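What follows is a short report on a single structure.
The values are calculated or read from the model by the stated rules, or taken from the named source; none is laboratory data. Computed from a prediction, not measured in an experiment: that's the story for all the values here. Cβ: placed from backbone, ideal geometry, glycine included. Neighbour counts: every protein chain shown. Surface accessibility is based on the protein's heavy atoms, side chains included, excluding ligands, DNA and RNA. Shrake-Rupley method; radii C 1.70, N 1.55, O 1.52, S 1.80 Å.
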Amino acid sequence: FGEATKTGGTYAFKSLEAVVKDLKKGNLDVMLTAPIHKNTIHSDNFQFKGHTDYLESEFEGKSLMILMNDKLRVALITAHIALDDVTKAITPELIREKVDILYQSLQNDFSITKPKIALLSIDPHAGDEGVIGNVDSEIVKPTIQKLHNDGKLIFGPYPADSFFGSNNYKNFDAILAAYHDQGLTAFKTISFGQGVNYTAGLNIVRTSPDHGTAFDIAGKGKANYISFKEALFAAIDIYNTRQVNMELKKNALK
């Protein structure tokens, strides 16, 4: 117990391949993944940073990671990349792409007709009008304005340090964070052990618990099943909601 092995990684990938195969055949409705150890699963056949990148390569659509519970949804513009690469990666095109995926998911997967989305700033204090940085004023703000012009309710950029502590997050249907720890540190502080990781944007439904492999407690009887249970229920709810919305949109009057 409690040891990461290449054999375990090999069989984790075999399990993942089997589920993907059956999903493509239509034998399954949803996918619920357990946490993976990224080092042990990595091989010549699996050169991805995690489940999300792999699933994007196997199914239709562009993926978006959302950590969620009943009252909070936090999505990521960039996910598993080094902090040094964040500002290089964030462009107006990428922001628009992620907002569009999130917007469509909120409508189709959660039946929110007119979603309200908050964007968190990249630099501290949203750059303090150029004193700390110009990324938010030169990239994020103009992109938000263009999204507003498209009729989407997108607001920000909000400084991340005060956004969650002030309970401002309760005013929005979802929050789009610039990078992994900016959004997920706050999310897991608020709801660790009860959250769900949902891969939005794909033509299949996949969820997972919000925690890692926890080798340190293997065999000790300390594991908490709540997040895994929530991930199962969320997958079923999202699948059913998506099916209803697809049915409602069939043969729509032009």
- prompt: Taking each full run of DSSP H in the chain as one helix, which ones are at least 27 Å long along their axis (Cα atoms) and have mean Kyte-Doolittle hydropathy of at least 0.0?
  reply: 226-248
- request: Give me the percent of the accessible area of the stretch 141-254 that comes from carbon and sulfur atoms, probe 1.4 Å, all protein chains in place.
  value: 54
- prompt: Of LYS49/LYS114; LYS14/LYS229; LYS88/LYS254; LYS98/LYS222, which pairs sit farther than 31 Å apart, going by alpha carbon to alpha carbon?
  reply: LYS49/LYS114; LYS88/LYS254; LYS98/LYS222
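Please give the calculated 222 nm ellipticity per residue for the chain, where each DSSP H segment of at least 4 residues contributes -39500 (n - 2.57) and the sum is spread over every residue; nearest 500 deg cm²/dmol?
That comes out to -12000 deg cm²/dmol.
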task: Please work out how much accessible surface MET246 shows to a 1.4 Å probe, ignoring ligands, DNA and RNA, in Å² rounded to 10.
output: 110
query: Scattering from the C-alpha atoms of the chain alone, worked out with Debye: what is log10 I(q)/I(0) at q = 0.09, 0.12 1/Å?
result: -0.42, -0.75
- prompt: Quick one: which of 158-168, 69-79, 212-222 comes out on top by average Cβ neighbours within 10 Å, and what's the full order, highest first?
  reply: 69-79, 158-168, 212-222
- request: Calculate the length of the line joining the C-alpha centroid of the stretch 43-64 to that of the stretch 138-189, in whole Å.
  value: 26
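Which whole-number percent gives the relative contact order of the chain, counting Cα pairs below 8 Å spaced six or more residues apart? Numbers along the way, then the final one.
Details: 401 pairs, mean separation 69.8, N = 254.
After rounding, I find 27 percent.
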Proximal aspartates and glutamates relative to LYS141, as straight alpha-carbon distance under 16 Å, when same-chain residues fewer than 8 apart are discounted: GLU93, GLU97, ASP123, ASP128, GLU129, ASP150
- request: Skip the ligands, DNA and RNA, and give the accessible area per residue of the stretch 103-238 with a 1.4 Å probe, whole Å².
  value: 47
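Taking the highest mean first, how do the peptides 102-108, 238-244, 176-182 order by number of other beta carbon atoms within 10 angstrom per residue? Walk me through the numbers before you get to the answer.
Details: 102-108: 20.1, 238-244: 15.6, 176-182: 22.0.
Packing order, densest peptide first, comes out as 176-182, 102-108, 238-244.
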